[in-house]
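Data first, discussion second: the structure below is written as structure tokens.
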Amino acid sequence: MKAMVLQRLCSLEENTTPLTLTDLPEPVPGKNEILVKVSACGVCHTELDEIEGRTPPPHLPVVLGHQVIGRVQASGGGTGVFKIGDRVGIAWIYSACGDCKWCLAGEENLCPDFRATGRDADGGYAEYMTVPEGFAFRIPDVFSDSEAAPLLCAGAIGYRSLRLAEIDDGDSLGLTGFGASGHLVLKMVRHRYPNTRVYVFARSEKEREFAQELGAVWAGDTTDESPERLSSIIDTTPVWKPIVEAMRNLEPGGRLVVNAIRKEDIDKDYLLRLDYPEHLWLEKEIKSVANVARRDVSEFLELAAEMRLTPEVQEFRLEDANQALVELKTRKIRGAKVLRIE
Ligand SMILES: [Zn+2]
Ligand SMILES: [Zn+2]
């Protein structure tokens with residue numbers, strides 16, 4: 001089968017073709033696994049982190065890709081949820097042990113044996129992949145293959161961060177940082193918690209205007225004080241300053257949810273401005289978001305279908321995966337990038 005394979009880690013600035021088109025043997029599904037014929041695979045920022053070594057794959061070579069749509073082609077036995085020909089999606093969570101305390105509590109994203117698709121196991125930049133059946137998802141009919149692929153990552157993680165924010169309808173919610181995942185969260189809140197007032201903190205005037213168009217009641221700079229204290233704030237920035245500034249805007253008992261796989265070190269000294277009485281006292285808390293559990297993916301897909309949340313998509317051939325990655329890196333962003341695999 002055709003696959004775009006990562007052989008060694010590198011910087012995309014120095015090497016604009018990190019992946020090599022390779023003819024690999026078709027994978028064979030083990031017990032409880034299905035073989036999926038891939039039709040579409042989203043291209044994610046996390047792939048850049050893998051290639052450049054910020055979240056390195058433990059074994060090379062590896063096939064990247066964790067927003068996979070395809071059809072069940074075969075089973076390794078012991079499966080029964082999906083039939084041959086069924087359309088399925090595969091997300092960042094590839095497998096977990098199934099019997100640790102986190103798995104038993106439905107928090108398998110925290111399992112010590114958590115394995116990620118396209119990093120710890122071969123992913124969807126290929127014609128075929130295998131996955132444990134219990135980690136494949138049904139895709140609502142309203143989405144085409146290309147539309148469904150990008151929902152499997154940013155959307156599902158945005159959904160988890162909103163779940164961890166633990167707001168009720170009518171509570172006030174802040175969003176600091178307003179990129180792709182911020183937009184999605186704002187749209188979800190408007191749909192699910194219509195009486196919740198959303199406050200957006202963003203550096204760019206354009207993003208602030210856009211936030212208000214999408215229904216934010218207020219938009220200000222990262223360092224501005226919000227007109228009311230907030231029940232929860234979700235941070236989607238890559239740095240530290242917004243965290244310290246956000247803590248000031250929380251109400252007593254409020255929670256800051258940090259939705260980032262890694263933070264950059266460039267402004268880490270800003271943390272020294274953290275003032276205990278002003279920023280933390282009165283039982284304010286900080287919680288990070290790690291990966292996604294299966295219920296985040298399946299609940300989010302249902303919600304997205306209900307809301308008709310259709311992402312704008314830019315398609316590439318599998319062979320052009322390097323071009324898609326370079327464009328993502330250089331921020332030539334026009335919709336979510338998706339590889340089409342014939
Ligand atoms: Zn991703
Ligand atoms: Zn486990």
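The values are calculated or read from the model by the stated rules, or taken from the named source; none is laboratory data. Just so it is clear, the structure is predicted and the values come from calculations on it, not from any experiment. In this analysis, Cβ positions are derived from the backbone assuming ideal geometry, glycine residues included, and neighbour counts consider all displayed protein chains.
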* Asked: Pairs, please: C-beta under 8 Å, at least 6 apart or cross-chain, first residue within 24 Å of Leu64 (Cα to Cα) and in segment 94-112, second surrounded by fewer than 19 Cβ atoms within 10 Å (Cβ to Cβ) and among the aliphatic types (A, V, I, L, M)?
  -> Asn109/Ala290; Leu110/Ala290
* Structure fact -> Within segment 325-342, residues of a type in the set (A, V, I, L, M, F, W, C), out of contact with any Gly (no Cβ under 7 Å at 6 or more places or on another chain) and under 16 Å from Ser39 (Cβ atoms) come out as Leu339, Ile341
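Can you report the number of residues in segment 98-120 which are in a loop (DSSP other than H, G, I, E, B), more than 16 Å from ligand 1 (Cβ to nearest atom) and surrounded by fewer than 18 Cβ atoms within 10 Å (Cβ to Cβ)? Spell out the reasoning first.
Here is the first cut: in segment 98-120, the residues in a loop (DSSP other than H, G, I, E, B) are 98-100, 105-107, 111-114, 118-120.
Filter once more, so that each one left must be more than 16 Å from ligand 1 (Cβ to nearest atom): 98-100, 105-107, 111-113.
Remaining after also requiring surrounded by fewer than 18 Cβ atoms within 10 Å (Cβ to Cβ): 98-100, 105-107, 112-113.
Going through segment 98-120 one residue at a time, the tally reaches 8.
Conditions tested, residue by residue: (1) among the β-branched types (Val, Ile, Thr); (2) touching a residue at least 60 places away in the same chain (Cβ under 8 Å).
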{"position": "Pro242", "(1), (2)": "no, yes"}
{"position": "Glu285", "(1), (2)": "no, no"}
{"position": "Val292", "(1), (2)": "yes, yes"}
{"position": "Ala305", "(1), (2)": "no, yes"}
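Quick check: is even one residue across segment 164-178 under 26 Å from Val43 (Cα atoms), of a type in the set (A, V, I, L, M) and modelled with pLDDT under 95?
Quick first cut of segment 164-178, residues under 26 Å from Val43 (Cα atoms) only: 164, 175-178.
With of a type in the set (A, V, I, L, M) added as a condition, the list becomes 164, 175.
Narrowing the set further to residues that are modelled with pLDDT under 95 leaves none.
No, the conditions are met nowhere in segment 164-178.
Looking at the structure I just gave you, is Ala216 more than 16 Å from ligand 1 (Cβ to nearest atom) and either under 22 Å from the mean Cα position of the chain (by Cα) or not polar (S, T, N, Q) (or both)? Working first, answer last.
Working: more than 16 Å from ligand 1 (Cβ to nearest atom): yes; either under 22 Å from the mean Cα position of the chain (by Cα) or not polar (S, T, N, Q) (or both): yes.
It is true that Ala216 is more than 16 Å from ligand 1 (Cβ to nearest atom) and either under 22 Å from the mean Cα position of the chain (by Cα) or not polar (S, T, N, Q) (or both).
Take the residues in segment 113-150 that are within 16 Å of ligand 2 (Cβ to nearest atom) and free of Cβ contacts under 8 Å to residues at least 24 places away in the same chain, then tell me which one is nearest to Ala305 (Cα to Cα). Outline the logic, then answer.
Going residue by residue through segment 113-150, those that are within 16 Å of ligand 2 (Cβ to nearest atom) are 113-116, 120-121, 132, 134-135.
Okay, now just the ones that are also free of Cβ contacts under 8 Å to residues at least 24 places away in the same chain, so 113, 115.
On the way: Asp113: 31, Arg115: 27 Å.
By that ranking, first place goes to Arg115.
Could you list, in sequence order, the residues of segment 230-249 that are among the charged types (D, E, K, R) and more than 22 Å from the chain's Cα centre (by Cα)? Write out each step before concluding.
Narrowing segment 230-249 to residues among the charged types (D, E, K, R): 235, 241, 245, 248.
If the condition is that a residue be among the charged types (D, E, K, R) and more than 22 Å from the chain's Cα centre (by Cα), then Lys241, Glu245, Arg248 are the ones that fit.
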* Give the residues of segment 1-29 that are in a loop (DSSP other than H, G, I, E, B), out of contact with any strand residue (DSSP E or B) (no Cβ under 6 Å at 6 or more places or on another chain), within 11 Å of Tyr128 (Cα to Cα) and not hydrophobic (A, V, I, L, M, F, W, C), sorted by residue number. => Pro25
* Cβ-Cβ below 6 Å, separation at least six or inter-chain, first residue in segment 151-179 and within 17 Å of Asn195 (Cβ to Cβ), second within 16 Å of ligand 2 (Cβ to nearest atom): which pairs? -> none
* Asked: For Tyr94, which of the numbered conditions (1) more than 16 Å from ligand 2 (Cβ to nearest atom); (2) within 18 Å of the chain's Cα centre (by Cα) fails to hold?
  -> (1)
* Asked: more than 12 Å from Phe135 (Cβ to Cβ), more than 16 Å from ligand 1 (Cβ to nearest atom) and crowded, with 17+ Cβ neighbours inside 10 Å, is that true of Ser95?
  -> no
* Would segment 35-52 turn up any residue that is away from ligand 2 (no atom under 16 Å from the Cβ), assigned to a loop (DSSP other than H, G, I, E, B) and surrounded by fewer than 19 Cβ atoms within 10 Å (Cβ to Cβ)? -> yes
